[in-house]
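The values are calculated or read from the model by the stated rules, or taken from the named source; none is laboratory data. Since we're looking at a predicted model, the values are computed, not measured. Cβ: placed from backbone, ideal geometry, glycine included. Neighbour counts: every protein chain shown. We work out accessible area using only protein heavy atoms, side chains counted, and drop any ligands, DNA or RNA first. Shrake-Rupley method; radii C 1.70, N 1.55, O 1.52, S 1.80 Å.
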Amino acid sequence: MIAAIVRTSFNALRRDRGAFVLSFVLPVAFFSIFAIIFGQARDHTPKVSVALVDEDHSPASQRLVNGLEHEQALNAFTRPQPKKGQAQPGDYTAQSAEAGVKSGDFAAALIIPKDFGAHPISFGPQSPDQPQIQILHDSSDPIAAQVVSGILQKVAMTSMGDVM
């Protein structure tokens, strides 16, 4: 009985070309168009721009800065790009990095304090005499601080393993 109903309905659908197109071809066409449109948005993940301020200039802080600069998820830099016809600007300071975050030049700034190399980095409870790395971030981009914090932990564990 069910086979007869299906056969009769399919024969009626074959005779009516408009209903056939609306039933089978149109949904496939719509699905393909939406797949192309929304599939293009996932080509790449944007990098987080972060200014690095090294106030310590120790070998440990330089390894950390080097590791952050080579991280693929970050666009990390220690100095602004030179403008046409001008000399290479100096490294960022804590004040210039904070001003850059406030003006929206970059999403975050990471400040490595003095005496960072003298104390091993740890991610547990901090002692009062241990210098703390500061992460300044734009409040309109709350994900940037989390990304920078996670990558800082990753880079610190790999590049600073011999210091810890």
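Observations on the structure shown:
- Helix axis angle, 59-69 relative to the chain longest principal axis, alpha carbon, degrees: 20 degrees
- When the P(r) of region 1-111 is calculated, the portion above 25 Å amounts to 55% of the C-alpha pairs.
- Take 5-14, 79-88, 147-156 and order them by the average number of nearby Cβ atoms within 10 Å per residue, most first; the result is 147-156, 5-14, 79-88.
- Each other residue within a Cβ distance under 15 Å of Ile135 adds +1 if Lys or Arg and -1 if Asp or Glu, for a net charge of -4.
- Per residue accessible area of the chain, 1.4 Å probe, in Å²: 68 Å²
- Residues with amide H under 5 Å from that of Ala76, placed H, sequence gap 5 or more: Val50
- By accessible area with a 1.4 Å probe, ligands and nucleic acids excluded, highest first: order of Ile2, Ile36: Ile2, Ile36
- Within a Gaussian network of the chain (alpha carbon springs, distance under 10 Å), most fluctuating of Val50, Val101, Val25: Val25
- Between 0 and 90°, nearest 10: helix 94-103 axis offset from the chain longest Cα axis: 30 degrees
- Considering only Gln146, Ile111, Gln132, the residue lying farthest towards the positive end of the dipole of the chain is Gln146, judged by Cα position with unit charges set on Cβ.
- Taking the Cα centre of region 1-159 as reference, the dipole from Cβ charges on Lys and Arg (+1) and Asp and Glu (-1) amounts to some 1280 debye.
- Heavy-atom SASA rank of Phe30, Phe38, Phe106 (probe 1.4 Å, accessible area, largest first): Phe38, Phe30, Phe106
- Ranked by solvent-accessible area (1.4 Å probe, protein heavy atoms only, all chains present), the residues Glu71, Glu55 order from largest to smallest as Glu55, Glu71.
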